[in-house]
Amino acid sequence: GAVVSQHPSWVICKSGTSVKIECRSLDFQATTMFWYRQFPKQSLMLMATSNEGSKATYEQGVEKDKFLINHASLTLSTLTVTSAHPEDSSFYICSARPSGRIGEQFFGPGTRLTVL
Amino acid sequence: AQTVTQSQPEMSVQEAETVTLSCTYDTSENNYYLFWYKQPPSRQMILVIRQEAYKQQNATENRFSVNFQKAAKSFSLKISDSQLGDTAMYFCAFILSGTASKLTFGTGTRLQVTL
């Protein structure tokens, strides 16, 4: 149990286009999902927290108009990188917290984004 | 704000040996959780072990155990009988109790298990 999927696992796009990444909790409901960014050989950097049915909370320095987050259901959150540029190339990881559970998060396998 | 420090960027251990990864954290709160996550080359984050701060007993999961020293704010991970599959990045993480809490990660320790 407690599986989180991400789609796509990798994507290459042209500069200026938008890319959507999906994060799904497959066997549990998740009121809260998190989006992280990870640069090579570095730790995970929290970008935003999304709660089902409400606006995402972004960490300081993260452009909310660049990284659009939607958490429309208890099993799905999406991250859209708008007008992507090469500096947005990175590894994006989502995690999901089971509803009513404190201190537990399950991570998706990540999405590698390359912007040409 | 909470901080997590991992002072060992890289470590190496021979197969079947034991290795200990260090982690210290800083918080003024009393109720929290601590975790060790493993990130192998596949980059999938895998929960290794979890410790609730209110529990004095150190958590264990098969070959993995922790030494939780609450007063010293230390949370080290011991891997016994190291296996090649243990080669990975290991992240120590902290979260306060509470539904609005967020994980704070350390910078990670790259562990290489050698023959």
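Since every read-out is calculated from the coordinates, none of them should be taken as a lab result. Only a predicted model underlies this, so the values are computations on that prediction, with no experimental measurement involved. Here Cβ is always computed from backbone atoms with ideal geometry, including for glycine, and neighbour counts include all displayed protein chains.
Other residues lying with their Cβ under 12 Å from the Cβ of residue A:41 contribute a combined charge of +1, Lys and Arg counting +1, Asp and Glu -1. Springs between Cα atoms under 10 Å define the GNM used for chain B, and in it the highest mean-square fluctuation of B:54, B:25, B:90 occurs at B:54. Computed from phi, the 3J(HN,Hα) profile of the stretch A:99-115 under the Karplus parametrisation 6.51, -1.76, 1.60 (θ = phi - 60°) reads 4, x, 9, 9, x, 10, 9, 10, 9, x, x, x, 10, 8, 9, 10, 10 Hz, with x in place of Gly and Pro. Residues within the reach of a label modelled at residue B:14 (point 7 angstrom out along Cα to beta-carbon, backbone nitrogen below 19 Å), restricted to the stretch B:51-81, are B:79-81. For the residues A:95, A:54, A:77, a GNM of chain A with alpha-carbon springs under 10 Å puts the largest fluctuation on A:54. Per residue of A:97-107, other chain Cβ atoms within 10 Å of the residue Cβ number 5 on average. A Gaussian network model of chain B, with springs between Cα atoms under 10 Å, assigns the largest mean-square fluctuation among B:64, B:75, B:94 to B:64.
Think of each Lys and Arg Cβ as +1 and each Asp and Glu Cβ as -1; about the Cα centre, that makes the dipole of the stretch A:16-116 roughly 80 debye. Unpaired cysteine residues in the protein assembly as shown (no second Cys Cβ under 4.7 Å): A:13. Label separation (residue A:5 vs residue A:42): 3.1 nm, computed from points 7 Å beyond Cα along the C-beta direction. Spacing of the modelled spin labels on residue B:63 and residue A:65, each 7 Å from Cα toward Cβ, amounts to 5.2 nm. In chain B, a dipole from Cβ-located charges (positive for Lys and Arg, negative for Asp and Glu) runs towards its positive end, and of B:6, B:69, B:104 it is B:104 whose Cα lies farthest in that direction.
Find how many whole Å separate the alpha carbon centroid of the stretch A:1-46 from the alpha carbon centroid of the stretch B:4-60. Result: 23 Å between the Cα centres.
Calculated FRET efficiency, residue A:82 to residue B:74, Cβ-Cβ distance, R0 = 35 Å: about 0.25 to the nearest 0.05.
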